[in-house]
Structure formats: structure tokens, C-alpha cells
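Peer 1: One structure, pasted below without further comment.
The values are calculated or read from the model by the stated rules, or taken from the named source; none is laboratory data. Note that the structure is a prediction, hence the values are computed from the model and not measured. Note that we place each Cβ from the backbone using ideal geometry, even for glycine, and neighbour counts take in every protein chain shown. Protein only, heavy atoms only, side chains kept; ligands, DNA and RNA dropped before computing areas. Shrake-Rupley method; radii C 1.70, N 1.55, O 1.52, S 1.80 Å.
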Amino acid sequence: MNSPQHQRRLPLDGVRVLELGNYIAAPTAGRMLADFGAEVIKIERETGDELRNWRLYDGETSMLFRTINRNKKSVVLDLRTEQGREDVKSLAAHCDVVLENFRPGTLERWGLGPEALSEANPDLIFVRISAFGQTGPYSERPGFAAVAEAYGGFRELVGDPDRPPVRVGVSIGDSIAGLYGAFGAVMALYERLRRRDENRGGDGEPGLPLADRIVDVALNEAIFSMMESLVPDLGAYGVKRERTGGRMEGIAPSNGYLCRDGSSVVISGNADAIFPRYMRAIGRDDLADDPDLATNDGRWRRRDEIDAAIGEWTGARSRDEVLAVLDDAAVPAGPIYTAADIVADEQYRARNMIQEFDVDAGGPEPRRVAFPGIVPVLGETSLPIRSVGPDLGEHTDEIRARFLGGRR
């Protein structure tokens with residue numbers, strides 16, 4: 001796990017981030033920056049980020065918190081007090097980036113908005129994640145990712161057509177917004193560096209204006225940006241996309257199928273060149289040779305017939321048998337993994353995407369727990385996680401000594 005290639009300096013070494021966010025969105029951005037070397041100082045109230053208690057089955061800190069807040073430092077400050085706010089201002093003076101996901105206007109009411117924090121640090125970059133962004137008629141509305149997924153068009157497409165929309169099993173809206181937040185932070189850091197290089201040797205080195213230092217990420221827009229041609233299809237063709245269950249609108253055959261042993265597989269045989277050999281592999285030469293099925297449009301019209309044929313074939317075989325036949329035929333297919341399947345998979349292991357730590361999980365002794373590795377890979381395998389999410393206030397004394405003169 002600690003190969004020589006990973007002993008080199010990380011890309012964001014030397015970058016310091018002040019994380020004022022909680023829950024998932026801003027902390028996901030912080031996690032990505034921390035993964036690649038940034039020092040991320042996470043500010044928590046005395047009761048801690050609420051995520052510490054989400055999916056907490058035992059102990060004091062959930063594995064969800066430890067996953068999203070890995071490689072960070074936890075400092076306890078009370079932003080409701082004058083001293084807490086002064087400490088934030090002092091810390092911000094030593095940082096490159098501030099991450100926050102409060103409701104718009106909250107930091108300004110506390111005297112901690114971008115203008116106030118820029119007084120001591122005119123180069124400070126702000127990543128602000130909120131339900132609907134910092135401007136516009138919805139900006140002051142509260143909203144979690146579930147609401148943003150609905151506004152962004154995502155929820156309407158998830159589930160079966162004859163049932164109400166459903167939710168995917170992870171906080172996808174928060175996570176995508178976090179990715180945009182991290183990308184925005186790195187973009188602004190790069191622009192700040194470029195501006196300095198361009199002005200080197202001139203009269204002073206003017207920094208970025210405040211407007212260019214604010215990265216404004218809205219949850220609903222982050223989701224909307226992932227909706228492919230949802231809106232253009234409406235304008236161009238009058239097409240209103242609908243829920244299609246395990247299928248993808250206009251693409252066939254691509255679906256999940258049940259096997260004889262009760263497990264399931266996903267098979268994506270929708271390419272024109274793949275479909276004929278796919279059908280021959282399952283013993284349906286008639287479908288392989290049918291000219292009406294030579295292109296995707298024809299297959300989509302007859303999707304129910306094709307899926308029924310595939311389902312009949314997979315239902316008579318075990319998952320391993322199904323995948324072996326399709327692999328021989330070069331048809332893209334794979335098992336629908338559980339958590340246990342992922343942990344045991346040789347591909348994840350080979351790329352260090354499963355990293356194990358001894359963690360307090362509430363029992364009498366620490367437990368060996370697997371965590372997801374760092375993405376993207378730099379080099380041949382995932383970078384090693386330096387630490388799983390910190391205990392509440394674990395680094396308060398260290399940060400106070402370094403930046404706050406040790407005051408309490």
C-alpha cells in the first residue's frame with residue numbers, strides 16, 4: 001500500500017482548506033482535496049457533524065462519517081459565539097480555500113461572509129454549496145439533495161414507469177455537488193496561480209477579484225448538469241423522457257436479469273455489432289438475423305420481446321454460467337455486486353481500491369474495516385488513505401497551537 005511511487009509529494013500538498021460544512025456535499029469536496037494532499041481543517045460544533053450519527057449501528061462515530069471525512073483534521077469551535085467566529089477569521093487568514101454548505105446568508109449574518117474573511121486574506125477562495133445557489137428567487141430556500149434531485153429532473157427518471165419515482169440508495173446529489181465543489185476549488189487555485197505568473201515582474205501581483213474567487217455550486221444544478229439530453233430532447237423532438245426501470249431510454253437491450261441461483265447480472269448488448277453475437281450466444285439466431293433488429297431503433301421498439309428472451313435464458317442458468325458464456329462471446333456483462341462482492345473482488349484489490357484500517361466500531365476491540373480507495377488513480381494503484389475520519393475535536397489543540405496562539 002505504501003509503494004515508493006506513493007511516497008512522492010501529493011498534488012495538493014501545501015494547500016490548506018477550512019471546511020465549515022457538514023452533512024455530505026461540502027465534506028465530499030473536502031475529502032477529495034484532502035485525498036490528494038490538502039490539509040483540510042474541519043470545524044465542528046461541540047456535538048459534532050450530524051453525519052457522525054447517520055447509519056450509526058454502534059459506537060460513537062459512523063463509518064459514513066469516517067469515509068467522507070478521511071484525511072482531515074477535526075477542530076471544535078462554536079460559531080454562535082463571538083470567540084468562535086474570531087477564531088474562524090484567524091484560521092481563514094492562513095488558508096487557501098473555505099468550504100461551506102450553509103443556507104445562503106448564514107455566514108454573512110455571522111460576519112463570516114466572503115467580504116469579511118477576505119479582509120485578512122484577499123486571496124481566499126470560497127466554495128459555497130447550497131440547495132439552489134447564492135442567487136435567484138429560490139436561493140434562500142432550504143433543501144437537501146433529495147429535493148434537489150427532484151428539481152434537477154433526476155428523480156423523475158428513476159424507477160418503473162407504472163410506479164412513483166424512487167430514490168437511489170446513496171446521496172448522489174450531494175456527492176455530485178461535492179465533486180463540482182472540489183473541481184471548482186482546484187480551478188480557482190489554478191487561476192490564482194496563473195494570474196500571479198502573468199503578473200510576475202510587474203507592479204505588484206494583483207489577485208483575483210472577489211467574484212472570481214467564489215465557486216457557487218447549487219445542488220439542483222449539479223444534478224441537472226448530469227441529465228444528458230433531457231432538456232434538448234424536449235426542445236428538438238418534443239420527447240418527454242419517462243421512467244424505464246432497469247433500462248435506459250432508447251437503448252436496447254441493456255438491463256438487469258435474474259439468474260437461476262437468485263443472483264442478478266447486468267448485460268449491455270445494445271451496440272449494433274454486439275447484438276448479433278449476443279443473440280447467438282443465448283441460442284436465439286432468429287433474433288440475431290432479424291433485419292428489424294439490426295439497429296437500435298428497431299430493438300427499442302421490440303425491447304419487451306428481446307428482454308423476455310434474455311430473461312428466459314439467464315433464468316435457466318447460474319450467474320457464473322451466464323457470465324462465462326457472455327465473456328466468451330465478448331458481450332459486456334457483469335454481476336450486480338453486494339458490498340461483500342466488492343471487498344472480495346480481485347480487480348478492486350489489485351488497484352488498492354479496498355483499504356483496511358483498525359477502527360473503533362463500538363465493540364470491546366477495534367475491528368478491521370475496509371474503506372473505498374482514492375479516485376482517480378495516480379500511477380498504477382490508488383493512493384493510500386492517510387487516516388480515516390477523525391474523532392470529534394481530535395486536532396483542536398494542534399490547530400490552536402499552530403494558528404490561534406494556543407488560546408481557548
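Peer 1: Please find, within the range 306-347, the residue that is least open to solvent (accessible area, probe 1.4 Å) out of those that are assigned to a helix (DSSP H, G or I), farther than 20 Å from GLY262 by Cα and in contact (Cβ under 8 Å) with a residue 12 or more places away in the chain.
Peer 2: ILE306
Peer 1: Looking at (1) in a loop (DSSP other than H, G, I, E, B); (2) without any contact (Cβ under 8 Å) to a residue 40 or more places away in the chain, which is the only condition ASP397 fails?
Peer 2: That leaves (1) as the condition not met.
Peer 1: Restricted to the range 265-305, and to residues that are of a type in the set (S, T, N, Q) and farther than 21 Å from GLY334 by Cα, which residue is surrounded by the most Cβ atoms within 10 Å (Cβ to Cβ)? Spell out how you get there, then give the answer.
Peer 2: If we filter the range 265-305 for residues that are of a type in the set (S, T, N, Q), which is where we start, we get 268, 270, 295-296.
Among the residues that remain, those that are also farther than 21 Å from GLY334 by Cα are: 295-296.
Values: THR295: 11, ASN296: 16.
Here the answer is ASN296.
Peer 1: Has the range 32-46 got at least one residue that is touching a Pro at 6+ places or on another chain (Cβ under 8 Å) and part of a helix (DSSP H, G or I)?
Peer 2: No, every residue in the range 32-46 fails to be touching a Pro at 6+ places or on another chain (Cβ under 8 Å) and part of a helix (DSSP H, G or I).
Peer 1: Suppose we filter ASP160, ASP197 for residues that are open to solvent by 40 Å² or more (accessible area, probe 1.4 Å) and part of a helix (DSSP H, G or I); which single one remains?
Peer 2: Testing whether each residue is open to solvent by 40 Å² or more (accessible area, probe 1.4 Å) and part of a helix (DSSP H, G or I) leaves just ASP197.
Peer 1: In addition: Is it true that ARG8 is among the charged types (D, E, K, R) and assigned to a loop (DSSP other than H, G, I, E, B)?
Peer 2: Answer is yes for this residue.
Peer 1: Turning to a different aspect of this structure: Can you name the residue in the range 348-378 that is surrounded by fewer than 11 Cβ atoms within 10 Å (Cβ to Cβ) and assigned to a loop (DSSP other than H, G, I, E, B) and is also modelled with the highest pLDDT among such residues? Explain how you work it out, then say what you get.
Peer 2: Quick first cut of the range 348-378, residues surrounded by fewer than 11 Cβ atoms within 10 Å (Cβ to Cβ) only: 363-365, 368, 376.
Now drop any that are not assigned to a loop (DSSP other than H, G, I, E, B), which leaves 363-365, 376.
Working: GLY363: 86, PRO364: 90, GLU365: 91, PRO376: 96.
Of everything passing the filter in the range 348-378, PRO376 is modelled with the highest pLDDT.
Peer 1: Would you say GLY173 is crowded, with 21+ Cβ neighbours inside 10 Å and within 18 Å of the chain's Cα centre (by Cα)?
Peer 2: Numbers: crowded, with 21+ Cβ neighbours inside 10 Å: yes; within 18 Å of the chain's Cα centre (by Cα): yes.
Answer is yes for this residue.
Peer 1: Pairs only if they're at least six apart or on different chains, beta carbon under 7 angstrom, first in the range 240-252 and surrounded by fewer than 16 Cβ atoms within 10 Å (Cβ to Cβ), second among the hydroxyl-bearing types (Ser, Thr, Tyr); list them, first residue then second.
Peer 2: As it stands, the answer is MET248/SER254, since those pairs meet every condition given.
Okay, residues lined up against (1) modelled with pLDDT of 95 or more; (2) not aromatic (Phe, Trp, Tyr):
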residue: ARG260; (1), (2): yes, yes
residue: GLY269; (1), (2): no, yes
residue: TYR278; (1), (2): yes, no
residue: ALA281; (1), (2): yes, yes
residue: ALA288; (1), (2): yes, yes
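Peer 1: Collect the residues in the range 214-234 that are in a loop (DSSP other than H, G, I, E, B) and open to solvent by 30 Å² or more (accessible area, probe 1.4 Å), keeping them in residue-number order.
Peer 2: SER225, MET226, GLU228, SER229
Peer 1: Could you look through the range 3-13, keep only residues that are open to solvent by 40 Å² or more (accessible area, probe 1.4 Å) and modelled with pLDDT of 95 or more, and pick out the one that is farthest from THR381 (Cα to Cα)?
Peer 2: Looking at the filtered set, the residue picked out is ASP13.
Peer 1: Of the conditions (1) open to solvent by 30 Å² or more (accessible area, probe 1.4 Å); (2) within 20 Å of TYR23 (Cα to Cα); (3) in a loop (DSSP other than H, G, I, E, B), LYS73 satisfies every one except a single condition; which number is it?
Peer 2: (3)
Peer 1: Based on this model, can you work out whether VAL166 counts as surrounded by fewer than 13 Cβ atoms within 10 Å (Cβ to Cβ), over 30 Å from PRO11 (Cα atoms) and out of contact with any strand residue (DSSP E or B) (no Cβ under 9 Å at 6 or more places or on another chain)?
Peer 2: For VAL166, the condition - surrounded by fewer than 13 Cβ atoms within 10 Å (Cβ to Cβ), over 30 Å from PRO11 (Cα atoms) and out of contact with any strand residue (DSSP E or B) (no Cβ under 9 Å at 6 or more places or on another chain) - is met.
Peer 1: So in the range 24-64, with the set limited to residues that are among the aromatic types (Phe, Trp, Tyr) and at pLDDT below 95, which one is farthest from ALA131 (Cα to Cα)?
Peer 2: Only one residue fits best here, namely TYR57.
Peer 1: Inside the range 76-119, counting only helices (runs of 4 or more DSSP H) that do not spill past its ends, which hold 2 or more residues that are on the phi < 0 side of the Ramachandran plot and crowded, with 17+ Cβ neighbours inside 10 Å?
Peer 2: 82-92, 114-118
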